[in-house]
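Just so it is clear, none of the values below were taken in a lab; they were calculated from the coordinates. What you see is a predicted model, and the numbers here were worked out from it, not measured in a lab. Don't worry about glycine lacking a Cβ; one is built from the backbone with ideal geometry, like all the others, and counts go over all protein chains shown.
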Amino acid sequence: MLNLNEAVKINAVAYGGNAGAKYGVKLNGGIWMIKYPKTTRDMANPQISYTTSPLSEYLGSKIYETFKIPVHETKLGIRNGKVVVACKDFTRTDSIIPIGILILFHELKNSFMAGDLDSYSGTGSETLLGEVLDTIKGLPELTEIGGVINRFWDMFVIDAFIGNNDRNNGNWGILAEPGGVLSLAPVFDNGNAFFNKKSSANMEKRMKDETAIREDALEGTCIYKYTGTDTEGKKIKPFEFIKKGDNPDCNAAVSRFLQSVDMNSIKEVINSVPETFNEFLIMPQVQKNYYLKLLHLRLKFLQER
């Protein structure tokens, strides 16, 4: 945990997205994005006043690191009386001038669909799985990079594992670097992992009910939707999709996951977060126990699918 109150805000650096307030700061000789928790005041039946999205971002990103998948660097801390996460800006070094441009999959999909408007939804934000896969396999900028389809399915599986249900088209993409070199961007935006709107009291209650905890672990949906006459537009349940085994690329990603998963390292990531810091409640033990229970149930499912 860091005290981030002294990090100097950079007004000339701004970031988009709807997950909460965010802005750039100078930290450790580089530029980092500070992400605040989002208020729950406009949400239906909120159990807490603010989401725990900064903690989720930190944990999700650190777990991605254990799989040796490129991911943005994160630090957890306190700023202006809130638990926040600092995310290293991988498009900049120590200057506000970017060294690379992040091109979101949303924009890439828009470009691809423009060539056949009669066959596609006409929106880059649409997450019909068929359209997403068509774009990955059909857009030259992506096919030339290589490894994009593996990255997509690796994210699909690991996001299911950490409970990140919002890997939308606006939070992954490619980097355009000097000289026109294109590469996959590091994984970023993991703040919707680990039920960031759930209270510790609810977690404790759910853990005591085997049916409830199994439901929490395995029954959630993701952002992607089925494409097909009978299932068009229906949200995909990742573990149900994985168990069917109909997609060879997804099956291969599950195999890579099982070969790489290191539960000791993942447990260490979760347990390394303090319960309190400077009188702030960060992550109570019941929350750690709940997260670990979810992860063990999901791992067991993937091993036995």
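What the table shows:
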quantity	calculated
Packing rank of 80-88, 261-269, 153-161, where each peptide gets the mean count of other beta carbons within 10 Å, highest leading	153-161, 80-88, 261-269
At R0 = 35 Å, FRET efficiency that the Cβ-Cβ distance of THR231 and GLN303 yields, to 0.05	0.85
Lys/Arg +1, Asp/Glu -1 at C-beta; the stretch 2-304 dipole; positive extreme among GLY17, LEU295, ILE174	LEU295
Nearest-0.05 FRET efficiency for LEU292 and THR91, computed from C-beta distance (R0 35 Å)	0.55
Hits among aspartates and glutamates - C-alpha to C-alpha of LYS208 under 13 Å, sequence gap 8 or more where chains match	ASP216
Packing-based order for 23-31, 187-195, 297-305, using average beta carbon neighbours within 10 Å, highest first	187-195, 23-31, 297-305
Inter-label distance for TYR15 and LEU2, nm, one decimal - labels placed 7 Å from Cα along Cα-to-Cβ	1.2 nm
Residue-averaged 222 nm ellipticity for the chain, from DSSP H runs of 4+ at -39500 (n - 2.57), nearest 500	-12000 deg cm²/dmol
Eligible lysines near LYS235 by straight Cα distance, threshold 24 Å, same-chain separation 8 or greater	LYS109, LYS137, LYS197, LYS198, LYS225, LYS243, LYS244, LYS300
³J(HN,Hα), Karplus 6.51/-1.76/1.60, whole Hz, each residue of the stretch 94-109, x for Gly, Pro	10, 10, 6, 7, x, 9, x, 10, 7, 9, 6, 4, 3, 5, 5, 5
Estimated distance in nm for a label pair at GLU177 and SER125, the labels positioned 7 Å out from Cα along Cα-to-Cβ	3.2 nm
